[in-house]
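*Asks:* Mind having a look at this structure? Questions to follow.
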Amino acid sequence: MRDWPRWLESLRPDEVTSARLRSSIVQAAEPLLKARRDDWWEVASRWAGLLTPVAAALVLVFGGLALHGGASGESLALTDGEPTPDPVELLHSEVAPAGFSEFDTNHDVVFAALGEAARQRPRAAPAPRPDGTQPRSVRP
Amino acid sequence: MVPTGRRDEAELVGLVQGGDAGAFDELVRRYLDRGFAVALSILGVPQDAEDAVQTAFIRALERIDQLRPGSPFGPWFFSVLRSTALNLRRRENLRSHEEIPTSASGDSNPERELDRTLTRGRVLAALKELPEQQRTAVILYDLEGYNHREVAEALGVAVGTSRAHVHHGRKALRDRLGPVIELEEE
């Protein structure tokens, strides 16, 4: 704001008047200011009353989720001790992972083993027909 | 209560809206003297000017929520003050300043007080003789601190017209008050 022009100095209140007027204004304003402070407090209290149940509900929901996540985290933590092999690496690796000591990538060997197992397994006798005859497949 | 220093006016307004007495006192301190001069230029009587200033500050406080965030307090307050002073003059059919002894100032030096009172009376009389637009332009520019663009907006005239009003108003005052007060050139 610009300085006072000299010709308007005479319209300026003297210091005593200025101080008195200022004090009078501030005094008259105090009840209004107090009402504003109280209003703000009421508004804050009203919001607090409104938000408390919401906050409590959120705490319950997120608390439940956190507990659930904690339990899952515990089971995960058990496997964390054992390093999980990367599947891609496994495909290219010739070393069998733990638990697969007889791992063999040769299909012929696998099929041969399966055939041998089928031969050695005793065949189950088919159920006799209702007329008492044996099915054709069953040979003495 | 927040301690007051030289704070941003928008911040002060925000604090006052929350009921901060220190911030309100700071606004009063900033605008009291100019407010008094504006009211005096309208009403012509110091006691009535005091009443108008006090009423205007209280009205401003009651309506401070109407002030848009970030808007300057000064121009808004002066518009409240002008309106208050004009209402006061209309409602109470105020006495002319010539009929009122203007010795109610608190100055302890009688000679200085008399000198001030006489000068004030002449300035007010000279202002009163100015055409309405010139008087308002001079008050807005010199007292309320408006620039020419803002004065033009307030009066609803072109910026050039606002400059002319301030120039001619000051010239008329200089002609009338020259022997009493030295008036500086624009």
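*Asks:* Can you name the residue in segment B:50-64 that is at the interface with chain A (Cβ under 8 Å from one of its Cβ atoms) and either over 10 Å from B:THR84 (Cβ atoms) or over 12 Å from the mean Cα position of the chain (by Cα) (or both) and is also surrounded by the fewest Cβ atoms within 10 Å (Cβ to Cβ) among such residues?
*Replies:* Here the answer is B:GLU62.
*Asks:* Taking B:ALA154 and the conditions (1) at pLDDT below 90; (2) surrounded by 23 or more Cβ atoms within 10 Å (Cβ to Cβ); (3) not acidic (Asp, Glu), which numbered condition does it fall short on, given that it satisfies the others?
*Replies:* Looking at each condition in turn, B:ALA154 falls short on (2).
*Asks:* Can you report the number of residues in segment B:118-143 which are charged (D, E, K, R) and within 11 Å of A:LEU8 (Cβ to Cβ)?
*Replies:* Total meeting the criteria: 2.
For every residue, the table says whether it meets (1) touching a Gly at 6+ places or on another chain (Cβ under 6 Å); (2) at pLDDT below 85; (3) closer than 30 Å to B:ASP175 by Cβ.
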residue: A:ASP3; (1), (2), (3): no, yes, yes
residue: A:LEU21; (1), (2), (3): no, no, no
residue: A:ILE25; (1), (2), (3): no, no, no
residue: A:TRP40; (1), (2), (3): yes, yes, no
residue: A:ALA57; (1), (2), (3): no, no, no
residue: A:PHE62; (1), (2), (3): no, no, no
residue: A:LEU65; (1), (2), (3): no, no, no
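The values are calculated or read from the model by the stated rules, or taken from the named source; none is laboratory data. Since the model is a prediction, treat every value here as computed from it, not as a measurement. Cβ coordinates were reconstructed from backbone atoms using ideal geometry, including for glycine residues, and neighbour counts include every protein chain displayed.
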